[in-house]
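A short write-up of the structure that comes next.
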Amino acid sequence: MSGKPKLHYFNGRGRMESIRWLLAAAGVEFEECFLETKDDLTKLQKDGSLLFQQVPMVEIDGMKMAQSRAIGNYIAAKYNLYGKDLKERALIDMYVEAIIDLNELLMTHPFQPADKKEQHFATIVDKATNRYFPVYEKVLKDHGQDFLVGNRFSRADVQLLETILMAEECKPDILAKFPLLQSFKARISNIPTIKKFLQPGSQRKPPLQEKDVPKLMKIFH
Amino acid sequence: MLFSASYFSGNRELRSMSGKPRLTYLNGRGRMETIRWLLAAAGVEFEENFLETREQYEKLIKDGVLMFQQVPLVEIDGMKMVQTRAILSYVAGKYNLYGKDLKERALIDMYVEGITDLMQMILMFPFSPPEAKEKNLHSIKDRATNRYFPVFEKVLKQHGQDFLVGNKFSWADVQLIEAILAVEEKIPAVLSGFPQLQAFKIRMSNMPTIKKFLQPGSPRKPPPDESYVETVLKIFKK
């Protein structure tokens with residue numbers, strides 16, 4: 001009954017992490033309800049809380065919101081992180097959708113069978129350094145501003161930082177050829193709300209460990 | 001290859017001379033079809049540039065026109081837009097198909113995202129190996145009838161209105177009618193347990209812009225066949 005958004009997911013990153021980042025960046029405190037067993041998921045499904053029987057689910061402003069993109073869109077718009085008009089929104093959407101594609105690769109890495117892991121890792125590095133990062137490096141270079149869109153902090157900046165940090169967990173020197181992304185990373189990490197989120201004890205979740213994969217599979221399969 | 005400054009200045013070859021949006025994709029449904037539906041539903045005429053060879057695709061990449069080296073690409077209002085959802089959101093916003101406020105938007109987004117998950121199964125179906133096709137068809141039927149259609153049946157039943165959100169035609173309605181027709185192509189009796197959706201289907205099909213789109217000769221593309229699959233693999237092979 002606190003009025004704070006309430007997040008329903010397992011105690012890990014997955015498809016909820018971007019939402020945690022966005023709320024934290026906006027300075028919004030939130031509560032979390034962790035699914036530990038399949039029964040926890042079944043209970044939520046049975047009581048009609050999950051629109052399409054899936055998590056993430058976020059209780060916010062009287063709604064039980066499903067679908068991570070819908071939730072992200074709502075939070076971004078509510079907290080003025082979505083640009084000033086349709087065209088800025090369009091740019092933010094384009095940048096964010098591509099980041100989500102890269103995130104998808106990063107997120108699915110722990111679930112790859114052993115014989116596919118090395119190839120998957122190579123794909124991640126290839127896509128990050130040849131398809132995605134060059135675009136954002138160039139955007140920052142072309143306008144010389146601190147933020148990706150409209151000279152103003154937005155959802156695109158939050159999601160890019162999140163992905164950069166995840167990619168670095170995968171390969172620590174992945175930003176070697178991207179000086180502007182390196183300074184972007186430093187700059188955005190120092191924004192007070194984000195700095196707080198990056199400190200130990202925040203609601204940011206650690207990377208998924210291989211040993212946790214079986215437990216996750218039990219809840220969702 | 002980096003996308004070049006021509007992104008904003010407008011590459012002369014590609015710029016639509018008519019002012020209409022210009023769609024670049026294969027001559028088939030794929031990820032562009034929902035965009036065609038939405039533009040058509042909004043009554044917006046558009047041009048199409050079909051990719052038929054790998055060379056054409058590689059040239060687009062070399063010219064720096066595809067922000068992330070991918071299609072769909074839609075040139076609209078001076079932008080070279082990529083990423084299906086970004087394009088759809090822009091079109092919906094521009095043509096007032098995105099609800100009247102944040103909360104209606106949220107509902108539309110939730111509905112659209114659910115339908116997109118179902119459509120993803122249909123999108124991938126032609127590319128599944130022959131031995132997996134029967135199982136995948138069964139999954140589509142299961143998801144449609146147990147997860148997605150019941151939600152929209154209930155929404156329509158509860159508010160008794162003609163449209164899914166806010167008593168007004170929106171992106172969600174377009175996406176749902178597209179999905180219903182696509183699933184019916186594979187599973188003709190799929191709506192048999194859903195009287196509200198049956199009525200919805202008729203109602204949407206009779207809206208003038210959609211009626212026009214459903215007629216022969218419109219930009220609507222036929223279901224994917226083997227030749228389409230071959231073209232996709234040929235153009236986008238790694």
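The values are calculated or read from the model by the stated rules, or taken from the named source; none is laboratory data. Not measured: the values here are computed from a predicted model. Note: ideal-geometry Cβ built from the backbone for every residue, glycine included; neighbour counts use all protein chains shown.
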State whether the residues of region B:160-171 include one that is hydroxyl-bearing (Ser, Thr, Tyr), buried (at least 16 other Cβ atoms within 10 Å of the Cβ) and not in a helix (DSSP H, G or I).
yes
The residue from A:Glu162, A:Glu118 that alone is assigned to a helix (DSSP H, G or I), more than 14 Å from chain B (Cβ to nearest Cβ) and either more than 30 Å from A:Lys78 (Cα to Cα) or touching a Lys or Arg at 6+ places or on another chain (Cβ under 6 Å) (or both) is A:Glu118
Name the residues in region A:73-88 that are farther than 14 Å from A:Phe147 by Cα and either among the acidic types (Asp, Glu) or facing chain B (nearest Cβ under 9 Å) (or both), would you?
A:Asn73, A:Tyr74, A:Ala77, A:Lys78, A:Asp85, A:Leu86, A:Lys87
Which numbered condition trips up A:Gly14, out of (1) under 13 Å from the mean Cα position of the chain (by Cα); (2) surrounded by fewer than 21 Cβ atoms within 10 Å (Cβ to Cβ); (3) part of a helix (DSSP H, G or I)?
(3)
Residue list for region B:1-26, restricted to those being at pLDDT 95 or above, assigned to a loop (DSSP other than H, G, I, E, B) and crowded, with 16+ Cβ neighbours inside 10 Å
B:Pro21
So, in region A:121-146, how many residues would count as being in a helix (DSSP H, G or I) and more than 14 Å from chain B (Cβ to nearest Cβ)?
3
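For every residue, the table says whether it meets (1) part of a helix (DSSP H, G or I); (2) of a type in the set (Val, Ile, Thr).
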residue	(1), (2)
B:Ala199	yes, no
B:Ile202	yes, yes
B:Lys211	yes, no
B:Pro216	no, no
B:Pro224	no, no
B:Glu230	yes, no
With the requirement that a residue be facing chain A (nearest Cβ under 8 Å) and either more than 17 Å from the chain's Cα centre (by Cα) or not charged (D, E, K, R) (or both), what does region B:113-124 give you?
B:Gly114
Members of region B:64-102 that are facing another protein chain (nearest Cβ under 7 Å) and in a helix (DSSP H, G or I):
B:Arg85, B:Ala86, B:Ser89, B:Tyr90, B:Gly93, B:Lys94, B:Leu102
Counting only residues that are facing chain B (nearest Cβ under 8 Å), at positive phi and surrounded by fewer than 20 Cβ atoms within 10 Å (Cβ to Cβ), region A:54-72 contains a total of 1
